[in-house]
Amino acid sequence: MNLLTGMNWLRALAALFVVIYHLNQHLPTSGFGYFGWGIHQFIWHISIMVSVFFMLSWFFRSLSYWKNIDTPSSIPSFYISLKDRFFRIAPAYYVMLILSALATYYISGISGINFPAFFTGFTFLTWLSPDTLFPVLLNGPLWFIPLDMIGWIMTSFFMMGLLKLKQIYYIPYFIGISILMLGLHFLWIWLPWTPGEGISFIWFPVYNPFIFFLHFLFGIAAAGMVTWLRRKNQESKIYFDIGYILTSIIGIITLWIIRDQSDWAISIPNSPYHFPWIPFLIAITMICLPFSKYVGAMLDNQFFLFTAKLSYSIFLTHGVVMAFLLHYIFPWELSMISWIILSLSTIILSYITGWILYKYVELIFVPVKKINNK
């Protein structure tokens with residue numbers, strides 16, 4: 001049994017589905033029947049893969065604490081870990097932030113660049129304002145990275161607080177922090193923000209680190225449960241395979257049922273990615289996979305291991321790749337054939353550019369072993 005079994009599959013799946021989600025936005029839907037339109041609607045909901053990325057990050061971040069819960073001195077200091085985290089995500093992010101701004105200049109001109117948002121992107125504070133939520137509009141997925149960084153800091157403080165408690169207080173601690181985050185979330189969205197137009201004003205202020213920290217908590221709890229089971233010498237059993245399969249089926253059925261609703265449907269409170277139901281199901285799969293007898297090993301095949309290795313870079317590059325293809329190669333209204341060609345080209349070129357970014361940026365700052373374990 002390996003704590004990482006199945007996690008590369010989840011990371012690869014998240015990266016690929018984020019690309020598919022953005023390609024689905026350009027799918028020509030004229031003439032679609034009931035089932036075709038249903039599939040199109042269903043794919044809109046695979047934006048939940050953003051939640052998977054969040055939960056995986058904090059699964060691995062908290063794992064170093066959970067594994068050393070009895071020997072806190074074995075855990076690297078906060079500042080050393082912060083430096084490691086910065087060099088893990090910042091160099092590739094900064095490179096793509098700059099390249100995305102240049103791409104915006106070539107496609108839209110200087111007027112297409114929101115300079116306050118662009119410069120705020122370097123400080124990881126874009127989430128403080130709707131005007132800066134997207135540091136570069138041409139590469140929308142970059143909004144995720146600043147929230148990922150602030151989430152890392154919040155998770156570190158959460159786990160440092162947990163270390164000071166006895167085990168009987170763990171559940172009350174989780175509940176108390178959840179209530180605190182909910183309170184901060186409601187306080188944040190009730191502030192007198194100036195209304196505006198566009199996707200950033202639809203997302204903001206609901207997309208904030210306080211509500212997303214609740215997603216992080218599911219990843220943290222899953223890591224704690226996996227660590228506890230490992231300490232109990234839990235062996236790989238077929239019922240973990242069954243648990244993963246059933247949970248995945250329930251998740252798929254749930255998304256299909258609500259396919260004609262928004263990303264915020266069934267969420268409590270009003271927030272993205274169907275919280276807490278879908279994050280709860282994701283957490284169960286994260287607990288089951290490391291102890292599965294067959295499924296985890298089958299899913300962690302060479303293709304998904306390779307994709308997982310490039311997942312961060314694919315996430316960073318695919319938006320620019322798609323923008324260039326749409327502007328220079330497919331500037332007309334897409335047909336189904338041209339959309340398929342666009343999709344294949346985007347995926348292939350995202351792998352190529354992702355590999356370049358991985359090899360010549362990520363590996364320069366972080367050793368391959370450390371990247372593969374984060």
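The values are calculated or read from the model by the stated rules, or taken from the named source; none is laboratory data. All values derive from a computational prediction rather than experimental measurement. Note that we place each Cβ from the backbone using ideal geometry, even for glycine, and neighbour counts take in every protein chain shown. These accessible areas exclude ligands, DNA and RNA; they are computed on the full protein's heavy atoms, side chains included. Shrake-Rupley method; radii C 1.70, N 1.55, O 1.52, S 1.80 Å.
Once you have a ≥ b ≥ c as the square roots of the Cα gyration tensor eigenvalues for the chain, tell me rounded if a/c is under 1.5, and otherwise prolate or oblate according to whether a/b is larger than b/c. Provide the component values of the computation, followed by the final result.
On the way: a/c = 1.45, a/b = 1.31, b/c = 1.11.
Since a/c stays below 1.5, the shape of the chain is classed as rounded.
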With a ≥ b ≥ c the root eigenvalues of the C-alpha gyration tensor of segment 1-113, is it rounded (a/c under 1.5), prolate (a/b larger than b/c) or oblate?
oblate
What's the ranking of 8-18, 320-330, 338-348, 94-104 by average number of surrounding C-beta atoms within 10 Å, highest first?
8-18, 94-104, 320-330, 338-348
Relative to the longest principal Cα axis of the chain, at what angle does helix 277-288 sit, 0 to 90 degrees, rounded to 10?
60 degrees
Counted charge near residue 163, where neighbours are those whose Cβ lies closer than 15 Å (Asp, Glu -1; Lys, Arg +1):
+3
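Does segment 189-258 classify as rounded, prolate or oblate by the C-alpha gyration tensor (a ≥ b ≥ c root eigenvalues; a/c under 1.5 gives rounded; else a/b over b/c gives prolate, otherwise oblate)? Can you show the working numbers first?
Details: a/c = 5.91, a/b = 1.97, b/c = 3.00.
The shape class here is oblate.
How much of the accessible area of the chain, probe 1.4 Å, is carbon plus sulfur, in whole percent?
Numbers: 12440 of 17430 Å².
Here carbon and sulfur together make up 71 percent of the probe-accessible area.
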In the Gaussian network model of the chain, springs joining C-alpha atoms below 10 Å, which of 359, 83, 309 carries the largest mean-square fluctuation?
83
CD proxy, 222 nm, the chain: helix-only mean residue ellipticity via -39,500 (n - 2.57) per DSSP H run with n ≥ 4, per residue, nearest 500, stands at -21500 deg cm²/dmol
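How high is the relative contact order of the chain? Use alpha-carbon pairs under 8 Å, at least six apart in sequence, and give a whole percent.
On the way: 454 pairs, mean separation 112.5, N = 374.
Relative contact order for the chain comes out at 30 percent.
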Kindly rank 127-136, 47-56 from highest to lowest mean number of other beta carbons found within 10 Å of each residue.
47-56, 127-136
Average accessible area per residue (Å²) across the chain - probe 1.4 Å, nucleic acids and ligands excluded:
47 Å²
With θ taken as phi - 60° and the coefficients 6.51, -1.76 and 1.60, list the Karplus ³J(HN,Hα) couplings across segment 190-202 in order, rounded to whole Hz; mark glycine and proline as x.
8, 5, x, 6, 6, x, x, 10, x, 4, 5, 7, 6
